[in-house]
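Colleague: Handing you this structure, nothing more for now.
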Amino acid sequence: ARAHTGRDSYIMVEGGYHGLCGAFQWGVEDLEEDGGGMVRPYGEGVPQLLRQLFHLVPLNDGDRLESVLQQHGDEIGALLIEPILGNCCSIEAGHQYMSDVRELCNRYGVVMIVDEVKTGFRVARGGVQELIGIQADVCTFAKALANGYPISAIGGREDIMRRIGHGVMHGGTYTAHSVSLAAAEKTLEILEETDALERVADYGKRLQEGFAAILSRRGIAHCFTGHPAMFGLMFAEKAPQNYREWVTSDYSFYNSLAPRLHERGILCEPDSREPWFISAAHDDECLARTLEAFEGAVDETIRSLRRGRGKTRSEAVPPKPGRTKLEGGESSLPPPAALPA
Ligand SMILES: Cc1ncc(COP(=O)(O)O)c(C=O)c1O
């Protein structure tokens, strides 16, 4: 994107994750109500010099993005976005917002980079771009592309991609590794020729329906975010629209529930920011076992939180490796808002 535009700066979205690389491993803390906050790197050893190069904007706020572009558009070469925040509860970018992002990138000559590392070959064969009908200028893939084998790929507009090898360098020790390529070839064949992705989405929907029935019977507020193949489970009536809304939400029910699921053999991520990823190997027996464990864990969580002994965030949630621990939402008393009176 820099070679194509001749511009060094870039825009990232708060709550997005693009890997542990100095250019990307930044987030916002000490949030302020007016949209401000302290921008800090996750982890040590990231040069402060890099801070001059990027702007962070909240998801689903086209006005903020436009205002950054109005002020700095001629320095900005790229915008990086995960349209489903795969490391922040699967919070979704709205379709209108994504159209606005596309239009603003066109207007300001910014390369729109859609990070499909988590969504690619999972939510649809054409990734989230197929679902929302928008084309990136450059997009990135990994994870499901070779069903977990170590591989990553970039694709994009021909005029941008053709710069690789004509001035832009690309390569590395493991580039085009034969084992990973063989795994990717087989995975893509299976995705093309079978209904694996439809089954994954269907399982995710049935899991959500099962969770919803258990929670509704107990009067516990909840909603789901993202796509059934990688969904967030939120204990609130309304899904967060961006990272800030998650930080300031009450996620203590989830934090208390997750370790109880682990005790019952359901190894969900203890951090509510990590979505529930469905695999094609999940079958009806898994579904029944998961729902049975979920029901037991929910009841124990309710009892425990009512007694005021919910496991707190700090007990339940170790920070994700390399990421700053967020202290917001830490609570065991009073019981979380999700609990019925
Ligand atoms: C959306 C997204 N982008 C980029 C990355 C970085 O990939 P890697 O860990 O292979 O550097 C990740 C890793 O989890 C990710 O989830």
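The values are calculated or read from the model by the stated rules, or taken from the named source; none is laboratory data. In this text the structure is predicted, and so the values were computed from the model without any measurement. When we count neighbours, we look across all protein chains shown, and the Cβ atoms used for this are built from the backbone with ideal geometry, even at glycine. For accessibility, only protein heavy atoms count, side chains too; no ligands or nucleic acids. Shrake-Rupley method; radii C 1.70, N 1.55, O 1.52, S 1.80 Å.
Colleague: Go through the residues of the range 221-230 one by one and say whether even a single one is assigned to a helix (DSSP H, G or I), open to solvent by less than 10 Å² (accessible area, probe 1.4 Å) and under 28 Å from D299 (Cβ atoms).
Modeller: No, the range 221-230 has no match at all.
Colleague: If you don't mind, another one. For the range 183-207, which positions are surrounded by 13 or more Cβ atoms within 10 Å (Cβ to Cβ) and farther than 25 Å from L287 by Cβ?
Modeller: Correct list: A183, A184, K186, L188.
Colleague: Please tell me if G27 is open to solvent by less than 20 Å² (accessible area, probe 1.4 Å) and over 26 Å from P240 (Cβ atoms).
Modeller: no
Colleague: I'd like to check something: does the range 84-98 contain any residue that is on the phi > 0 side of the Ramachandran plot and either away from the ligand (no atom under 16 Å from the Cβ) or of a type in the set (V, I, T) (or both)?
Modeller: no
Colleague: Any idea which of L85, L80 is within 16 Å of E245 (Cα to Cα), open to solvent by less than 40 Å² (accessible area, probe 1.4 Å) and not hydroxyl-bearing (S, T, Y)?
Modeller: Going through L85, L80 in turn, the sole match is L85.
Colleague: What number of residues within the range 269-278 are at pLDDT 95 or above and either open to solvent by less than 20 Å² (accessible area, probe 1.4 Å) or touching a Cys at 6+ places or on another chain (Cβ under 9 Å) (or both)?
Modeller: The total comes to 3.
Colleague: For R125, indicate whether it is open to solvent by 60 Å² or more (accessible area, probe 1.4 Å), closer than 30 Å to H222 by Cα and in contact (Cβ under 8 Å) with a residue 12 or more places away in the chain.
Modeller: On the way: open to solvent by 60 Å² or more (accessible area, probe 1.4 Å): yes; closer than 30 Å to H222 by Cα: yes; in contact (Cβ under 8 Å) with a residue 12 or more places away in the chain: yes.
Yes: the conditions hold for R125.
Colleague: Look at G155 and say whether it is in a strand (DSSP E or B) and not hydrophobic (A, V, I, L, M, F, W, C).
Modeller: So G155 fits the description; yes.
Colleague: Looking only at the range 231-242, which residues are in contact with a Leu (Cβ under 9 Å, 6 or more places away or on another chain) and open to solvent by 20 Å² or more (accessible area, probe 1.4 Å)?
Modeller: Within the range 231-242, Q241, N242 meet the criteria.
Colleague: Can you tell me which condition G167 does not meet? The list is (1) touching a residue at least 12 places away in the same chain (Cβ under 8 Å); (2) surrounded by 12 or more Cβ atoms within 10 Å (Cβ to Cβ); (3) within 30 Å of A3 (Cα to Cα); (4) not aromatic (F, W, Y), and all the others hold.
Modeller: Unmet condition: (2).
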